[in-house]
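Everything on this sheet refers to the single structure shown next.
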Amino acid sequence: MQRILIITDTVKTAAPWNQELVRAGYPVQACGSERAELLEAFQPRPSEIFILDGTSIRLTPKEFKEFLAVECPNHESCLIWLITEEMASRLDPAAGIDDFIILPSSAHELLARVRLLLWKNHRIDAADLILAGDVVIDQANYSVSVEDRTLELTFKEYELLRFLVTHRGRVFTREALLNQVWGYDYYGGTRTVDVHIRRIRAKLGVEHQDLVETIRNVGYRFVD
């Protein structure tokens with residue numbers, strides 16, 4: 001899951017950026033530039049994209065990269081620097097940034113830059129992600145994670161969970177799930193669905209197994 005951290009000392013200014021990125025499907029948080037705030041935001045692990053609001057913080061990209069290297073060695077990430085036109089005239093190519101935006105600029109431009117960076121570095125776009133509470137399905141890589149823990153699913157388990165999540169709240173009979181996931185030409189019994197649901201719940205873990213709900217005498221549905 002590709003997460004974004006906006007580092008700014010004026011959270012109100014960052015609100016439009018946050019809203020645009022969240023609306024596009026990205027997990028986003030914001031924090032100040034003080035060491036304690038950064039360390040807290042790095043838990044349980046740092047984000048994959050950092051957005052530094054150079055108009056409100058004194059922390060430079062080079063200083064941030066050095067801080068990140070000490071606190072989170074070997075962590076791979078991208079860095080976008082938000083700067084003024086005057087700052088751009090003094091931009092250091094060796095600053096350690098992956099992209100920059102001259103403010104004032106629209107939240108739409110920031111979203112476009114984020115998408116481009118993710119595509120260049122990870123080949124992941126928000127359109128490939130399905131978010132349902134703590135569950136994140138990456139359709140590009142056929143993977144599922146829960147609270148940053150990747151689940152080891154078989155292909156059919158992945159397909160079954162993905163179908164239920166994309167139709168969250170709807171109840172499906174076992175026969176309907178067989179048709180949708182295994183196909184109309186599958187000759188196995190409905191017990192196949194029960195077995196796969198049981199395995200999915202076990203892999204989701206105790207705290208999340210109830211996300212796949214049994215509707216007595218009917219079938220299953222995903223709730224978040």
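Please calculate the 1.4 Å probe accessible area of residue 22, with all protein chains present, and give it to the nearest 10 Å².
Looks like 70 Å² after rounding.
Leaving out ligands, DNA and RNA, and with a 1.4 Å probe, what % of the accessible surface on the range 129-222 is carbon or sulfur?
The C+S portion of the solvent-accessible surface of the range 129-222 is 45 percent.
Using unit Cβ charges (K, R positive; D, E negative) and no other charged atoms, how large, in debye to the nearest 20, is the dipole of the range 129-222 about its Cα centre? Mind dumping the intermediate values first?
Details: 13 positive and 13 negative charges, 70 e Å.
Using Cβ point charges on Lys, Arg, Asp and Glu, the range 129-222 gives about 340 debye.
When the helix-only estimate is applied to the chain (DSSP H runs of n ≥ 4, each -39,500 (n - 2.57), divided by the residue count), what is the mean residue ellipticity at 222 nm, nearest 500 deg cm²/dmol?
On the way: 8 runs with 80 residues, N = 224.
Rounded to the nearest 500, it is -10500 deg cm²/dmol.
Give the angle, between 0 and 90 degrees and rounded to the nearest 10, that separates the Cα long axis of helix 191-204 from the longest principal axis of the Cα atoms of the chain.
Compared with the principal axis, the helix lies near 30 degrees.
With springs only between Cα atoms under 10 Å apart, run a GNM on the chain and tell me which of 139, 43, 29 wobbles the most.
43
Cut-off under 20 Å on the C-alpha distance; same-chain residues fewer than 8 positions from residue 203 excluded. Which aspartates and glutamates are left, in chain and number order?
Of all the aspartates and glutamates, those that pass the test against residue 203 - Cα under 20 Å, at least 8 places apart if same chain - are 134, 138, 147, 148, 152, 157, 159, 194, 213, 224.
Output the 0 to 90 degree angle, nearest 10, between the alpha-carbon long axis of helix 11-23 and the longest principal axis computed from the alpha carbons of the chain.
So the helix axis and the longest Cα principal axis differ by about 30 degrees.
Looking at the range 58-166, which trypsin sites (Lys or Arg not before Pro) are DSSP coil and have at most 12 other C-beta atoms within 10 Å of their C-beta? It would help to have the intermediate numbers written out before the result.
Values: sites: 58, 62, 65, 90, 113, 115, 120, 123, 149, 156, 162; in loops: 58, 90, 123.
The qualifying sites are 58, 90, 123.
What FRET efficiency comes out for the pair residue 76/residue 210, r = Cβ-Cβ distance, R0 = 30 Å, nearest 0.05? Please list the in-between numbers first.
Values: r = 34 Å, r/R0 = 1.14.
Computed FRET efficiency for residue 76 and residue 210: 0.30.
Express the relative contact order of the range 4-122 as a whole percentage, based on alpha carbon pairs under 8 Å and six or more residues apart in sequence. Display every interim value, and only then the final one.
On the way: 156 pairs, mean separation 29.3, N = 119.
RCO, the range 4-122: 25 percent.
Keeping all protein chains in place, calculate the accessible area per residue for the range 4-122 (probe 1.4 angstrom), answer in Å². It would help to have the intermediate numbers written out before the result.
Numbers: 6360 Å² over 119 residues.
Counting only protein heavy atoms, the per-residue value for the range 4-122 is 53 Å².
Using the heavy atoms of the protein chains and a 1.4 angstrom probe, tell me the accessible area per residue for the range 129-222 in square angstrom. Provide the component values of the computation, followed by the final result.
Working: 5190 Å² over 94 residues.
Normalised by residue count, the accessible surface of the range 129-222 is 55 Å².
Pull out a ≥ b ≥ c, the square roots of the eigenvalues of the alpha-carbon gyration tensor of the range 4-122, then state rounded if a/c is under 1.5, prolate if not and a/b is larger than b/c, and oblate in the remaining case. Intermediate values should be presented prior to the final figure.
Values: a/c = 1.25, a/b = 1.08, b/c = 1.16.
In terms of gyration-tensor shape, rounded.
Taking Cα centroids, how far is the range 42-83 from the range 144-179 in Å?
35 Å
So how do 40, 66 rank on accessible area, 1.4 Å probe, biggest first, that is with the largest at the start?
Working: 40 140, 66 100 Å².
The most accessible residue leads, giving 40, 66.
Can you give the relative contact order of the range 129-222 as a percent, counting alpha carbon pairs under 8 Å and 6+ residues apart? Could the numbers behind the result be given before it?
On the way: 109 pairs, mean separation 24.7, N = 94.
So the answer I get is 26 percent.
Which of the aspartates and glutamates could a cross-linker span from residue 12 if the Cα-Cα distance has to be under 19 Å and same-chain partners fewer than 8 positions apart are dropped?
Partners within reach: 20, 34, 37, 53, 109.
So what does residue 31 come to for accessible area, using a 1.4 Å probe and Å² rounded to 10?
20 Å²
What is the ratio of the Cα radius of gyration of the chain to 2.2 N^0.38 Å, with N the residue count, to two decimals?
Numbers: Rg = 21.2 Å, N = 224, 2.2 N^0.38 = 17.2 Å.
So the chain has a normalised radius of gyration of 1.23.
If you build a Gaussian network model of the chain, linking Cα atoms that sit under 10 Å apart, which residue out of 195, 11, 181 swings the most?
Of 195, 11, 181, the Gaussian network model singles out 195 as fluctuating most.
Enter the angle in degrees (range 0 to 90, nearest 10) between the Cα long axis of helix 155-166 and the first principal axis of the Cα atoms of the chain, meaning the one along which they spread out most.
The angle comes out near 70 degrees.
The values are calculated or read from the model by the stated rules, or taken from the named source; none is laboratory data. Note that the coordinates shown come from a computational prediction; the quantities given were computed from them, not determined experimentally. All Cβ positions, glycine included, derive from the backbone under ideal geometry; neighbour counts span all protein chains shown. The protein model used for the area step is the full one, side chains on, heavy atoms only, and it has no ligands, DNA or RNA in it. Shrake-Rupley method; radii C 1.70, N 1.55, O 1.52, S 1.80 Å.
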